[in-house]
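Only one structure is covered here, and it is reproduced in the block below.
Please treat every number below as a calculation from the coordinates, not as lab data. All of these numbers come straight from a predicted model, not from anything done at the bench. Here the Cβ is made from the backbone with ideal geometry for all residues, glycine too, and neighbour counts use every protein chain on show.
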2 protein chains.
Amino acid sequence: MSEVQLKEALDSLKDTGVRITPQRHAILEYLINSMSHPTADDIYKALESKFPNMSVATVYNNLRVFREVGLVKELTYGDSSARFDFVTTNHYHVICQTCGKIVDFDYPALDEVEHFAAQVTGFNVSHHRMEIYGDCSECAKKESH
Amino acid sequence: MSEVQLKEALDSLKDTGVRITPQRHAILEYLINSMSHPTADDIYKALESKFPNMSVATVYNNLRVFREVGLVKELTYGDSSARFDFVTTNHYHVICQTCGKIVDFDYPALDEVEHFAAQVTGFNVSHHRMEIYGDCSECAKKESH
DNA sequence: TCTTAGATTGTAATATTTATAAATAGTGTA
DNA sequence: TACACTATTTATAAATATTACAATCTAAGA
């Protein structure tokens, strides 16, 4: 499953003329397998043992490359650092305001909203983002004590 | 119109026991009248002539206070710095990816999405955010040349 | 294998935001 | 109005995230 995703991602890099370096391979692999939404620093720390000489700049550079190619989405929430999400299907995120946990959830794309906005504002709409905030069940339980 | 908003905002501060300082007055006034979505630095620069001694920390402190009271919303987009929006009615933003312009647009709240997410994830949902990205008519025109 | 454009590294620089302590000033009360 | 109390402001330093840059290295095609 995830191997297919990785292969597709690498193919997509090759198609765009982006070189496949061991670092890029590892970053992509980590993003796909982590099932989470790591920060650049998370990725850097996770790959430290494998690549003791890797620079933080490499992580940032490659995340930008991946974003430009469309393999990765950059998420900016309230907290200080950006998070990165490997793009699979269109899904949304539910974020716990207490512990920061992020849960994916599928939902049919809100195309009507985009159309409506395009009409009202005259924009050439390309995409939208939506997140839902609240407390996860564990945190909600703790708070009620 | 905006004077009413300002008065209501100041009353709301008084009710919460938050002191009304000249700096707070000016920051609120600026947020209400600017009709834009300034960064902390924008506000700082705009009030520099009026308050030559004001510290950047004051701007940040007060924006946090306003956010906690619910007068102001903090918006984090892709770019480096957070933007602040005086809360009036529930509205969404359409953001131009080329020039950065932000246009408000009204839309009935997406309550169904919140309910759906609550059911699927077990979260205690409090709110959501949504933005639409694209190119504004001017930028779209320029690009087609 | 050789070449070369692109990638990585290491470091410095920039930018944003927060922390801290001393000085100042708003607000209720007498 | 004057006083006292405490929140707020200021100035500065520190923390954190991200980008810029130049030198070195390497992936990939010829």
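Run the numbers on chain B and let me know its relative contact order in percent, using alpha-carbon pairs under 8 Å that are six or more apart. Intermediate results must be reported in sequence, preceding the final value.
Numbers: 141 pairs, mean separation 24.4, N = 145.
Answer for chain B is 17 percent.
What are the distances, in nm and sorted shortest first, from the label point of A:THR89 to the label points of the same position in each other copy, with each label point placed 7 Å from Cα along the Cα-to-Cβ direction?
With the label placed 7 Å along Cα→Cβ, A:THR89 yields 3.6 nm.
State which entries of A:LYS142/B:LYS14; B:LYS14/B:LYS45; A:LYS45/B:LYS73; A:LYS101/A:LYS141 exceed 24 angstrom in Cα-Cα distance in the structure shown. The partial results should precede the final answer.
Details: A:LYS142/B:LYS14 32 Å; B:LYS14/B:LYS45 27 Å; A:LYS45/B:LYS73 33 Å; A:LYS101/A:LYS141 15 Å.
The answer is A:LYS142/B:LYS14; B:LYS14/B:LYS45; A:LYS45/B:LYS73.
Return, for the Cα atoms of the stretch A:56-129, the radius of gyration and Dmax in Å, separated by a comma.
Rg then Dmax for the stretch A:56-129, in Å: 14.8, 43.
Grab the Cα-Cα distance for B:GLU74 and B:SER12, subtract it from 0.36 nm times how many residues apart they are, and report the gain in nm with one decimal.
20.5 nm
Compute, for the stretch A:91-144, the length of the dipole vector about the Cα centre, with Cβ point charges of +1 (Lys, Arg) and -1 (Asp, Glu) only. Units Debye, rounded to 20.
Numbers: 4 positive and 9 negative charges, 44 e Å.
Approximately 220 debye in magnitude.
If you place +1 on the Cβ of every Lys and Arg and -1 on the Cβ of every Asp and Glu, how big does the dipole about the Cα centre of the stretch A:2-86 come out, in debye to the nearest 20? Walk me through the intermediate numbers first.
Details: 10 positive and 12 negative charges, 42 e Å.
Result for the stretch A:2-86 is approximately 200 debye, rounded to the nearest 20.
Take chain A, compute every pairwise Cα distance, and split them into 10 Å bins from 0; I just need the percent in each bin.
Using 10 Å bins, I get a P(r) of 10, 33, 33, 19, 5, 0 for chain A.
So how far, in whole Å, is the C-alpha centre of the stretch B:58-98 from the one of the stretch A:46-72?
Cα centroid of the stretch B:58-98 versus Cα centroid of the stretch A:46-72: 30 Å apart.
Residues with amide H under 5 Å of A:TYR133's amide H, sequence separation 5 or more or different chain, H placed in the peptide plane at 1.01 Å from N; which?
Answer set, sorted by chain and number: A:ILE95, B:SER126, B:HIS127, B:HIS128, B:ARG129.
Copy-to-copy spacing for A:HIS115, label 7 Å out on the Cα-to-C-beta vector, in nm, shortest first?
2.2
Rounding to the nearest 20 debye, state how big the charge dipole of the stretch B:15-145 is about its Cα centre with +1 on each Lys and Arg Cβ and -1 on each Asp and Glu Cβ.
Numbers: 12 positive and 18 negative charges, 99 e Å.
Computed charge dipole of the stretch B:15-145: roughly 480 debye.
Each label point is 7 Å from the Cα along the Cα-to-Cβ direction; what then is the distance between the points at A:CYS99 and B:SER49, in nm?
Distance between label points: 5.2 nm.
Kyte-Doolittle cut-off 0.0, length cut-off 18 Å along the helix's own axis using Cα: show which whole DSSP H helices in chain B pass. Don't skip to the answer; put the middle values down first.
Working: long enough: B:2-15 (20 Å, -0.68); B:56-69 (20 Å, 0.26).
What comes out of the filter, once short or polar helices are dropped, is B:56-69.
For B:ARG64, place a label point 7 Å from Cα along the Cα-to-Cβ direction in every copy; what are the distances to the other copies, in nm, shortest first?
Ordered by distance, the counterparts are at 3.0 nm.
Rank A:LEU110, A:VAL125, A:HIS93 by how far each Cα sits towards the positive end of the charge dipole of the stretch A:82-143 (+1 on Lys, Arg Cβ; -1 on Asp, Glu Cβ) and give me just the farthest.
A:HIS93
At a Cα cut-off below 20 Å, give the aspartates and glutamates reachable from B:LYS7, other chains included and same-chain residues fewer than 8 away excluded.
The qualifying aspartates and glutamates are B:ASP15, B:GLU29, B:GLU68, B:ASP85.
So what's Rg/Rh here for the stretch B:104-145, counting alpha carbon atoms and using the Kirkwood radius for Rh?
Numbers: Rg = 16.6 Å, Rh = 13.2 Å.
The Rg/Rh ratio comes out at 1.26.
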